[in-house]
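The values are calculated or read from the model by the stated rules, or taken from the named source; none is laboratory data. Predicted model, so just to flag it, every value in this text is computed and none were measured. All Cβ positions, glycine included, derive from the backbone under ideal geometry; neighbour counts span all protein chains shown. Note: areas computed on protein heavy atoms with side chains; ligands, DNA, RNA excluded. Shrake-Rupley method; radii C 1.70, N 1.55, O 1.52, S 1.80 Å.
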Amino acid sequence: MSDDSSETDGITSRTPPAVAVVDAQSPGNVGTIARAMKNFGFTDLLLVDPPDLDPDGEAYGFAGHAREDVLPNAEEIGFDRLAQAYHTIGCTAVTNEDDRSHMRFPYSTPADLAERLPTVEAPTALVFGRERVGLTNEELARIDEICSIPASADYPVLNLGQAATVTLYELRSLTLEETQLPDVERVRAPEGTVDRLYDQWAALLEEINHPEEKRDKTMRMLRRVYGRADLTEREANTLLGLLRRATERPAED
Ligand SMILES: C[S@@+](CC[C@H](N)C(=O)[O-])C[C@H]1O[C@@H](n2cnc3c(N)ncnc32)[C@H](O)[C@@H]1O
């Protein structure tokens with residue numbers, strides 16, 4: 001990133017970082033990346049030398065719901081401005097001994113970055129390279145730091161869309177409420193409900209004349225089973241209802 005602060009005019013520090021794609025040769029790749037950005041809560045897509053993004057073409061076709069915002073709001077940017085205005089993190093794979101010359105140390109994995117990025121105050125951009133040739137040595141030389149996804153030494157090169165998706169997944173800063181996942185604490189059966197379940201089991205063991213000497217052991221086993229099951233409130237209430245009905249059933253002749 002340049003020291004010339006005027007270059008940062010109009011760009012504020014952002015969390016999450018912007019995502020820059022350099023010379024994406026296929027519009028489909030841009031669409032895939034836009035979709036991954038929307039999936040993981042990223043909004044700012046920067047395109048260096050983008051292909052034609054025809055609204056009826058592959059980019060919009062691959063973008064899913066990102067066709068509504070991430071993609072149409074994408075900003076075209078020159079590499080010079082990208083390098084000057086942002087703290088740039090170039091994403092690259094190491095493929096063989098020769099390619100190691102691309103690799104600047106220290107490098108970060110996406111997981112390392114996830115820990116460190118929240119403390120970086122400068123506007124930050126993750127920079128992805130071309131599907132066929134990646135980022136050039138000249139581009140890498142102007143980038144502030146390197147991020148590499150740990151992958152098999154035999155074949156560490158992911159395709160562009162996969163690399164962006166893995167990186168953005170690791171760097172997502174969505175809170176649980178911002179994801180589709182239920183809050184486990186909210187649905188988990190409260191202790192009181194589970195205790196009532198055990199009381200009901202004890203009543204049932206009594207009802208069926210389960211041998212007195214086996215009852216403690218049976219109850220311990222039931223506690224272990226329910227403990228592993230991590231019951232939701234709904235599940236616990238359903239089981240409680242069934243046990244009550246079994247306990248209250250009039251004795252058969
Ligand atoms: C198919 S790769 C380019 C392959 C090119 N031969 C190279 O070695 O860079 C397209 C882009 O995906 C990203 N990429 C692929 N594998 C990666 C990895 N293991 N770690 C980080 N980025 C990766 C990089 O941004 C790369 O420029």
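The range 123-142 and the range 144-160 have Cα centres separated by 13 Å. Annotation: amide H of Thr109 within the under-5 Å range of Ser148, sequence separation 5 or more or interchain, hydrogens built in the peptide plane.
Residues whose amide H lies under 5 Å from that of His87, counting only those 5 or more places away or on a different chain, are Thr124, Ala125; hydrogens are built 1.01 Å from N in the peptide plane.
Close amide H partners of Ala20, meaning residues 5 or more places away or on another chain with modelled amide H under 5 Å apart, are Leu46, Leu126, Val127, Phe128.
With 0.36 nm allotted per residue and the present C-alpha distance subtracted, the Val166-Glu76 stretch has 30.0 nm of extension available.
For the set Val225, Val70, solvent exposure ranked by accessible area (probe 1.4 Å, protein chains only) runs largest to smallest as Val225, Val70.
Loop by DSSP (not H, G, I, E, B), at most 13 other beta-carbon atoms within 10 Å: where is the longest site-free stretch of the chain for GluC sites (Glu not before Pro)? Longest run free of exposed loop sites: 122-251.
Working note: Karplus 6.51/-1.76/1.60 with θ = phi - 60° gives the range 106-123 the couplings x, 10, 10, 8, x, 5, 4, 4, 4, 6, 8, 4, x, 8, 7, 8, 5, x Hz, where Gly and Pro are set to x. Along its three principal directions, the equivalent ellipsoid of the chain from the Cα gyration tensor extends over semi-axes of 56, 20, 17 Å, largest first.
For the residues Met219, Met37, a 1.4 Å probe over the protein chains yields an accessible-area ranking, largest first, of Met219, Met37.
Ligands, DNA and RNA aside, Asp154 has an accessible area near 140 Å² when probed at 1.4 Å. Ligands, DNA and RNA excluded, the heavy atoms of Phe128 present near 0 Å² of accessible surface to a 1.4 Å solvent probe. In this calculation the C-beta distance from Ser173 to Thr109 is compared with R0 = 25 Å, giving a FRET efficiency of 0.90. By accessible area, using a 1.4 Å probe on protein heavy atoms only, the chain has 48% of its surface on carbon and sulfur. With R₀ set to 45 Å, the beta-carbon distance separating Glu207 from Val184 gives a calculated FRET efficiency near 0.85.
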